[in-house]
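Encoded as structure tokens, the structure appears first; notes follow it.
Nothing in this text is a laboratory measurement; each read-out follows from the coordinates by a stated rule. These numbers come from a predicted model, not from an experiment. Cβ sites come from the backbone with ideal geometry, for glycine too, and all protein chains shown count toward neighbours.
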């Protein structure tokens, strides 16, 4: 499978506004890297989960073995969903973010 040479941008919108977004790249064979962000202010529960699902359901991410994710520190919804969809997740703080390294389970059907 050939993967996009440039990063992909994924957005979740509500009422025409971007409520969560991610950049996804493939820096090395078998590794997907993403940076997840939510809009400033209140973001309704579930939008962050939807963004994680959209990223992990991309064909190139599903075909990868490892995930490297950058998440704003204190964003439990992003981290919880990443842990639900991956295995062996290890996190460490890095400034105002948390870095997550995990294994992507073998391909499975996308979440509904």
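Would you mind giving the average projected area, over all directions, of the Cα convex hull of region 8-60 in nm² with one decimal?
Details: hull surface 15.0 nm².
Averaged projected hull area, Cα only: 3.7 nm².
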Which values of log₁₀ I(q)/I(0), to two decimal places, follow from the Debye formula for region 55-112 at q = 0.15, 0.31 Å⁻¹ with a uniform point scatterer at every Cα?
-0.42, -1.34
Across 70, 34, 86, the residue with the highest GNM fluctuation in the chain (Cα network, 10 Å cutoff) is 86
Considering the zone a paramagnetic label at residue 63 would reach in this model (a point 7 Å from Cα along the Cα-to-Cβ line), which residues of region 21-55 have amide N under 11 Å from it?
30
Cα-derived Rg over Rh, computed across the chain with Rh taken as Kirkwood radius:
0.94
